[in-house]
């Protein structure tokens, strides 16, 4: 199935005041559903999508008091106001948008109804040439002369391919994380510098270097453990509420990202505890001479 993307304007009232919402929408071939795309229908049938009908996301349908057979009026990008009958209601509106159309309904209102992507249901083990041929057949009607090329293995996506939004988010998170690491590290260093006399006194009363190092390691591991547990619980509470409310699933972090977070905590706490006292531990303790 080819995919068409566009936007529509929805007129509604909020607290008695008129409001216009511009919403991203998409159109797919109903006969290819749900093999290529599964919106998780809760009412109606996506097979009824055609010109004059629309499928509506569950949250949007609830806010507009819509059900299968109801009518909703939307304004397309060409300015046309069209009343559409609701053919189905689906759950996964967070990923697919609030409205799902058939190409026969959306394409006449687009200046250039070209597919922005192609969805395929591929049999495991299918030959690459067969996949290319299937894509070529889908593109033939919408983009005559288009060709399909294979991206070489190992070729990385360019920054613009990944999207400016992702790059900005990555930079913002990195800056915040960097400032946090600097703040934590400087605090630990200042605390440990203030404990130099304590370490010197321990050396004077007979504590060895190995004993002091083990003491500092245990303290550092305690700080790491407490920091990871408290930080995880603090982040999990709002993330859990948001994730369950929007997607109905548990929050997820890729294992490699979780590993980076743990590594940063371990390195920061270890450096904050060990670096300031290295010079004290290398030196021999001053001798105490008694006078009788």
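Where a number appears in this text, it was derived from the coordinates with a stated rule and is not lab data. Since we're looking at a predicted model, the values are computed, not measured. Backbone-built Cβ (ideal geometry, glycine too); neighbour counts: all protein chains shown.
Helix 209-246 versus the longest principal axis of the chain: what angle, 0 to 90°, nearest 10, using Cα atoms?
Helix 209-246 and the main axis of the chain meet at about 20 degrees.
Would the chain count as rounded, prolate or oblate if I go by the C-alpha gyration tensor, calling it rounded below 1.5 in a/c and otherwise prolate when a/b exceeds b/c, oblate otherwise?
Because a/c hits 1.5 or more and a/b exceeds b/c, the chain counts as prolate.
For the chain, take the longest principal axis of its alpha carbons; what is the angle in degrees between that and the long axis of helix 164-194, to the nearest 10 within 0 to 90?
10 degrees
If you take every DSSP beta bridge whose two residues both sit in the chain, what share of them, in percent to the nearest 5, is antiparallel?
Numbers: 24 of 31 bridges.
Bridges in the chain are about 75 percent antiparallel.
Of 45, 21, 67, which is the most mobile in a GNM of the chain whose springs link Cα atoms less than 10 angstrom apart?
Among 45, 21, 67, the largest mean-square fluctuation in the Gaussian network model of the chain belongs to 21.
Distance from the Cα centre of region 177-198 to that of region 67-131, in angstrom?
Computed from Cα coordinates, the inter-centre distance equals 55 Å.
Relative contact order for the chain using alpha-carbon pairs under 8 Å, separation at least 6, rounded to a whole percent?
Working: 347 pairs, mean separation 47.1, N = 292.
Dividing the mean separation by the residue count of the chain yields 16 percent.
Mind checking the full-extension length gain between residue 229 and residue 65? Use 0.36 nm per residue of separation minus the Cα-Cα distance, one decimal, nm.
That works out to 54.7 nm of additional length.
Would you mind checking the tilt of helix 128-142 against the longest principal axis of the Cα atoms of the chain, expressed as 0 to 90 degrees and rounded to 10?
Around 50 degrees separate the two axes.
Rounded to the nearest 0.05, what FRET efficiency do residue 209 and residue 247 give with R0 = 41 Å and r taken as the Cβ-Cβ distance? Could you check?
0.20
Ranking 273, 252 by Cβ neighbours within 10 Å, fewest first, what do you get?
Final ranking by Cβ density, sparse to dense: 252, 273.
Build a GNM of the chain with springs between Cα atoms under 10 Å: which of 236, 228, 275 gets the top mean-square fluctuation?
Residue with maximal mean-square fluctuation among 236, 228, 275: 275.
For region 51-128, what is the percent of antiparallel DSSP beta bridges, rounded to the nearest 5?
The antiparallel proportion sits near 60 percent.
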